[in-house]
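Novice: Dropping the structure in here first, questions after.
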Amino acid sequence: MSGRRGSSVDYVTRRRFLHKAAGTLVLSATGIGYVLGQEKSTGTSEQDGGLIPRQRNPDNLEFPFATLDSFITPNEKFYVRNHFAQPKVEVGSWRLKVEGAVERPLEMTLEELRKLPARTVTATLECAGNARALLLPKVKGVPWQLGAVGNAQWTGVPLGAVLERAGLRDSAVEVVLEGADSGEITAETRPAGAIPFARSLPLVKARAPEVLLAYQMNAVDLPPAHGFPLRAIVPGWYGVASIKWLRRLVITDRPFNGFFQSFDYSYFQVANGLPRVVPITELQVKSQIARPAAGEVIKPDANYRIYGAAWTGESEIAKVEVSTDGGKRWTEARLLGDKGRSGRPARHAWCLWDYQWHTPEAASEGRIMARATDARGQVQPLERDGNRRNYMVSHVLPVDVIIR
């Protein structure tokens, strides 16, 4: 395998980057693998439910993706993303306020929301910064590896039903979702004082039947770390849109250019040769390999099950292809249903997949790759798009293994 330089990411050989540093084995931090031993040195704990701490105060905890073994991610294994300290919410005094460009401002208790017709959706949430720790040069942000993603069943009332109760004015264009978590921004460019975490949805998405104000996760009340008593669930969009600890919906008559969708959680989109800043919204088509893990030692002349998960935005996964020779040849993997058998992928939920590989007879080094294609024909790219800043890491991430 020879190193090659792409337009925005450096693909470097395993031999070039395999080294020992402070007792930690490092495999190509350019998206080819990830830092081995980080889980060991960082550690998981019963306190974190087996999740990997990536940041403290506020807590940001990662699912160990190599342990992926089920279609539904258990609540205790679901990654936790916090921007500020987790708020303490007293459900007895909590109210959801609906205001702005509406005919009838509302204040609703959790009990009142629970009395409305409910819906359950299965949806994958992925942090927009998932896998950023694999990028070189290093970028700012929580150093997620592969596990800032999970798939769960969410139950609640459609956001559209609450908006209908409030009666939108003709001038309404967006819905701002505001959480109870707040704090001061530490970035150089920032507003004065503490601000709440808030993002907006255009009305066309806010009214989509799958967008929920959820009060249950996997058939139990939302855990505090996941937004109790109420959170938004915006299937098909990055997790940043699914605001936790909801306390207010503000319907606006103009686009909302809040901090968390302009200065942060945004990227550059180029049109007619001119870049402009746009907010991060829809999930990108993506496949991740759970096993083998980077640096794994695999027996020669043996059958090995390669497996992982794939997801996309407003579509379904059509196929996943696997390469065991660094991208020279690609073979279609088997798509698995929610029971672990062959099945048709569902919209907004990830699709598990596997591939049976007969390893080479001779000892060698191997490079495993997986790429997804969705029903719209969108194919997971091989190279990183440099306009995405430190977000939306959706290009193919090869895994280097050792055959011996």
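Novice: Condition check: part of a strand (DSSP E or B) and either closer than 25 Å to Asp264 by Cβ or of a type in the set (Val, Ile, Thr) (or both). Does Leu136 satisfy that?
Specialist: Working: part of a strand (DSSP E or B): no; either closer than 25 Å to Asp264 by Cβ or of a type in the set (Val, Ile, Thr) (or both): yes.
Spelling it out, it is not the case that Leu136 is part of a strand (DSSP E or B) and either closer than 25 Å to Asp264 by Cβ or of a type in the set (Val, Ile, Thr) (or both).
Novice: A further question follows. Right, Asp301: open to solvent by 50 Å² or more (accessible area, probe 1.4 Å), closer than 30 Å to Val211 by Cβ and part of a loop (DSSP other than H, G, I, E, B) or not? Working first, answer last.
Specialist: Working: open to solvent by 50 Å² or more (accessible area, probe 1.4 Å): yes; closer than 30 Å to Val211 by Cβ: no; part of a loop (DSSP other than H, G, I, E, B): yes.
Against the criterion (open to solvent by 50 Å² or more (accessible area, probe 1.4 Å), closer than 30 Å to Val211 by Cβ and part of a loop (DSSP other than H, G, I, E, B)), Asp301 does not qualify.
Novice: To continue, here is another question. Scan the stretch 183-221 for residues that are of a type in the set (Asp, Glu) and either out of contact with any strand residue (DSSP E or B) (no Cβ under 9 Å at 6 or more places or on another chain) or farther than 21 Å from Met108 by Cβ (or both) and jot them down. Steps first, please.
Specialist: If we filter the stretch 183-221 for residues that are of a type in the set (Asp, Glu), which is where we start, we get 184, 188, 210, 221.
Hits for the stretch 183-221 are Glu184, Glu188.
Yes or no, residue by residue, for (1) open to solvent by less than 40 Å² (accessible area, probe 1.4 Å); (2) within 29 Å of Val393 (Cα to Cα); (3) in contact with a strand residue (DSSP E or B) (Cβ under 7 Å, 6 or more places away or on another chain); (4) at pLDDT 95 or above:
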site: Gln145; (1), (2), (3), (4): yes, yes, yes, yes
site: Ala148; (1), (2), (3), (4): yes, yes, yes, yes
site: Gln153; (1), (2), (3), (4): no, yes, yes, yes
site: Pro158; (1), (2), (3), (4): yes, no, yes, yes
site: Leu168; (1), (2), (3), (4): yes, no, yes, yes
site: Val176; (1), (2), (3), (4): yes, yes, yes, yes
site: Asp181; (1), (2), (3), (4): yes, yes, yes, yes
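Novice: Which members of the stretch 226-278 meet the condition of being open to solvent by less than 30 Å² (accessible area, probe 1.4 Å), part of a helix (DSSP H, G or I) and out of contact with any Leu (no Cβ under 8 Å at 6 or more places or on another chain)?
Specialist: Passing the criteria: His226, Val240, Phe260, Gln261.
Novice: Specify which of the listed residues (Pro300, Pro360) is in contact (Cβ under 8 Å) with a residue 60 or more places away in the chain, over 24 Å from Gly129 (Cα atoms) and touching a Gly at 6+ places or on another chain (Cβ under 8 Å). Before the answer, list the steps.
Specialist: Details: Pro300 fails: touching a Gly at 6+ places or on another chain (Cβ under 8 Å).
Among Pro300, Pro360, only Pro360 is in contact (Cβ under 8 Å) with a residue 60 or more places away in the chain, over 24 Å from Gly129 (Cα atoms) and touching a Gly at 6+ places or on another chain (Cβ under 8 Å).
Novice: Would you be able to tell me the number of residues in the stretch 199-225 that are buried (at least 21 other Cβ atoms within 10 Å of the Cβ) and either modelled with pLDDT under 95 or small (Gly, Ala, Ser) (or both)?
Specialist: 3
Novice: Here's another thing I want to ask about it. Could you say whether any residue in the stretch 183-197 is open to solvent by less than 50 Å² (accessible area, probe 1.4 Å), over 20 Å from the mean Cα position of the chain (by Cα) and more than 27 Å from Phe263 (Cβ to Cβ)?
Specialist: no
Novice: Among the residues in the stretch 172-186, are any without any contact (Cβ under 8 Å) to a residue 60 or more places away in the chain and among the polar types (S, T, N, Q)? Spell out the reasoning first.
Specialist: Step one: list which residues in the stretch 172-186 are without any contact (Cβ under 8 Å) to a residue 60 or more places away in the chain, which gives 184, 186.
Next, only the ones that are among the polar types (S, T, N, Q) stay: 186.
There is at least one residue in the stretch 172-186 that is without any contact (Cβ under 8 Å) to a residue 60 or more places away in the chain and among the polar types (S, T, N, Q).
The values are calculated or read from the model by the stated rules, or taken from the named source; none is laboratory data. Since this is a predicted model, take the numbers as computed values, not measurements. Heads up, the Cβs are rebuilt from the backbone with ideal geometry, glycines too, and the neighbour counts pull from every protein chain shown. Side chains are part of the model used for accessible areas, which takes the heavy atoms of the whole protein and leaves out ligands, DNA and RNA. Shrake-Rupley method; radii C 1.70, N 1.55, O 1.52, S 1.80 Å.
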